[in-house]
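Only the coordinates and a few stated rules stand behind these numbers; no lab work does. Here the structure is a predicted model, which is why all the values come from computation and not from measurement. Don't worry about glycine lacking a Cβ; one is built from the backbone with ideal geometry, like all the others, and counts go over all protein chains shown.
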Amino acid sequence: MNILLLGSGGREHAMAWKLKQSPLCDTLYIAPGNAGTANCGQNVSLSITDFPSIRQFCLDNDIHLIIVGPEEPLVKGVVDYFKSNPVPLSADAARELKLEAMPVIGPDAFGAQLEGSKAFAKAFMERHAIPTAAYREFNADNFEEGVEYIRQHSLPIVLKADGLAAGKGVLILNDHEEAIREFTSMIRESKFGDASKTVVVEAFLSGIELSVFVLTDGKNYVLLPEAKDYKRIGEGDTGLNTGGMGAVSPVPFADAGFMQKVVDRVVKPTVNGLQEEQIDYKGFVFVGLIKVGEDPYVIEYNCRMGDPETEVVMPRLKNDLVELMLATARQELGRQSVEQDARFACTVMAVSGGYPGDYEKGKKINGLEQEINSETLLFHAGTSEQNGDVLTSGGRVLCVTSYGNSVKDAVNASKKVLAGISFEGMYFRTDIGYEFS
């Protein structure tokens, strides 16, 4: 079967690497892809939000399945577009795949509000008794009420832009006056654009975070390997937040007892809530959790896989990913069980100089030709190819994932490979997984 994967980051390279291993995958297209995904399939110059052009490409190239990597096309309604404008499958393909039209893996725009709107997600959790921090939401209409609420709130206090803000819309503040200034900037001065027209004000939860990944067909679900990522730019989790500097899986503190609490208190109520509310959700649910004491609380939902977590989840997933995608499309996930590699997988991300602030692109990357063993994988995140050279094209450039019998062994193996790679301004954290080493 022919598959189209939308996206261009490290998440998509890891998914492309996994999809290509399936005997069910004939031709894999990645739109727009990067220099690394070109080694897994064929990159296609398509905008991930130009739905008519994507549909025409599917018709022209006999595509049987679309998998959506990033959140933007989901929030903007790519699933809804293809429901209204289905791509018919040939009689042979329909019979073989047991599907009438080409499926798109991901939630519809209404379901994608779990990520696209913090207020929607918090209200969903409240309706289904899913543990999360206490909150209120405010906008221009009840701005003054919000100011007074913040003034009386305990510290630290968390302000979240309601909409998508490229991972920058969450502020944790330790001063009431500073919190009021930021609240004012978000609502009245559009600090995060339209994303902060509504602001969710939350109580701060103290604990350790992890990411849990659920694949659901809207009725049934399977759990993928969990992971922990590292957002801060600096060693020891200091400095500015980034899109993620590395990840580890499995998470040593997420033992069987804790994960059972996650399933009972979070995963099952979430999937049941989707079904009860008749939300069309066939795809990934990324549950951002915090362990407070011995109990899980939900910080956020995402409607897709995480990055760089996917770069450790996919290497540990032993199942055929295409089979799981087809089971999702057919609403047959109840027949599937997930097998996980028992080893640790750890990834370390190399970023451009200046990231997450301003950075330059177009830097030549050296050392990609080095030989690496089968226990280590190199995933591209922000790269492009020009005249035979691989160049930087983003803040997060590439990451190295390694297997190991311990977090320390896996991280050291990744750092050893990164030591042989260079580009101007390159930086990576040397302490990923430091709590578990």
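When DSSP beta bridges are limited to those with both residues in the chain, what percentage is antiparallel, rounded to the nearest 5?
Around 80 percent of the beta bridges assigned by DSSP in the chain are antiparallel ones.
Given the options Ala119, Ala254, Ala410, state which has the largest fluctuation in a GNM of the chain using a 10 Å cut-off (strictly under) for Cα springs.
Ala254
If you take every residue apart from Asn61 with its C-beta less than 12 Å away from the C-beta of Asn61, what net charge results, scoring Lys and Arg +1 and Asp and Glu -1?
With Lys, Arg at +1 and Asp, Glu at -1, the net is -2.
Which residues' amide hydrogens lie under 5 Å from the amide hydrogen of Ala350, considering only partners 5 or more residues apart or on another chain, with H built in the peptide plane?
Under 5 Å from the amide H of Ala350: Val397, Leu398, Cys399, Val400.
Scan around Gly218 for amide H atoms under 5 Å from its own, H built in the peptide plane at 1.01 Å from N, and keep only partners 5 or more places away or cross-chain.
Gly283
Using a 10 angstrom cutoff on alpha carbons, build the Gaussian network for the chain and name the most mobile of Ala91, Ala342, Ala109.
Ala91
Relative contact order for the chain: what is it in percent, counting Cα pairs under 8 Å that are at least 6 residues apart?
It comes to 16 percent, rounded to a whole number.
Please get the size of the charge dipole for region 2-107, origin at its Cα centre, with Cβ charges of +1 on Lys and Arg and -1 on Asp and Glu, quoted in debye to the nearest 20.
It works out to roughly 200 debye.
Stretch Ser374-Arg330 to full length: gain in nm at 0.36 nm per residue minus the Cα-Cα span?
Full extension from Ser374 to Arg330 adds 12.4 nm.
Would you be so kind as to identify which of Val147, Gly169, Thr184 lies farthest towards the positive end of the dipole of region 140-197, taking Lys and Arg as +1 and Asp and Glu as -1 on Cβ and the Cα centre as origin?
Gly169
Could you tell me how far the Cα centroid of region 39-59 sits from the Cα centroid of region 309-378, in Å?
Between the Cα centre of region 309-378 and that of region 39-59, the gap is 21 Å.
Return a whole-number percent for the relative contact order of region 140-197, with Cα pairs under 8 Å and 6 or more residues apart as the contact set.
The value is 37 percent.
Give the residue list of trypsin sites (Lys or Arg not before Pro) in region 83-181 that are DSSP loop and have at most 16 other beta-carbon atoms within 10 angstrom.
Qualifying residues, ordered by number: Lys98, Lys168.
Determine the gain in length on full extension of the stretch Ile172-Glu145; use 0.36 nm per residue of separation and subtract their C-alpha separation, reporting nm with one decimal.
That pair, Ile172 and Glu145, stretches by 7.7 nm at full extension.
For the peptides 320-329, 422-431, 29-38, 7-16, what is the packing order when you average, over each peptide's residues, the other Cβ atoms within 10 Å and list the highest mean first?
Going by the mean number of other Cβ atoms within 10 Å, highest first, we get 7-16, 29-38, 320-329, 422-431.
Hand me the GluC sites (Glu not before Pro) from region 72-161 located in a DSSP loop with no more than 13 other Cβ atoms within 10 Å, in residue order please.
Glu100
Say we join alpha carbon atoms closer than 10 Å with springs in a Gaussian network model of the chain; which of Cys399, Cys58, Cys346 then has the biggest fluctuation?
Looking only at Cys399, Cys58, Cys346, the largest GNM fluctuation is found for Cys58.
Under a cut-off of 25 Å between alpha-carbon atoms, report the lysines in cross-link reach of Lys416, not counting same-chain residues fewer than 8 places apart.
Those lysines meeting the cut-off are Lys18, Lys228, Lys231, Lys361, Lys363, Lys364, Lys408.
Relative contact order (percent) for region 1-147, with alpha-carbon contacts under 8 angstrom and 6 or more residues of separation?
19
Label 7 Å along Cα→Cβ of Asp295; region 202-246 residues with amide nitrogen under 17 Å?
Residues passing the 17 Å test: 203-209.
Can you list the GluC sites (Glu not before Pro) in region 235-307 that are in a DSSP coil and have 15 or fewer other beta carbons within 10 angstrom?
Within region 235-307, the qualifying GluC sites (Glu not before Pro) (loop, at most 15 other Cβ atoms within 10 Å) are Glu235, Glu277, Glu294.
Could you tell me which of rounded, prolate or oblate describes region 2-107, using a ≥ b ≥ c as the square roots of the eigenvalues of the alpha-carbon gyration tensor, with rounded for a/c under 1.5 and, failing that, prolate when a/b is larger than b/c and oblate otherwise?
Since a/c reaches 1.5 but b/c is at least a/b, the shape of region 2-107 is classed as oblate.
State, to one decimal in nm, how far the label point of Lys83 lies from the label point of Tyr427, with both points 7 Å from Cα in the Cβ direction.
Between Lys83 and Tyr427, the label points sit 4.4 nm apart.
Under 12 Å from the 7 Å Cα→Cβ point of Ser206, by amide nitrogen: which residues of region 118-159?
Residues 155-156 qualify, since their backbone N sits under 12 Å from the label point.
Net charge around Leu378, counting only other residues with Cβ within less than 14 Å of its Cβ (Lys, Arg = +1; Asp, Glu = -1)?
Within the 14 Å Cβ shell, the charges total -1.
What is the sum of charges around Gly388, taking Lys and Arg as +1, Asp and Glu as -1, for the other residues whose C-beta is under 14 Å from the C-beta of Gly388?
-2
With a 10 Å radius around each residue's Cβ, average the other Cβ atoms per peptide and rank 262-274, 353-365, highest first.
Per-residue mean Cβ counts within 10 Å order the peptides as 262-274, 353-365.
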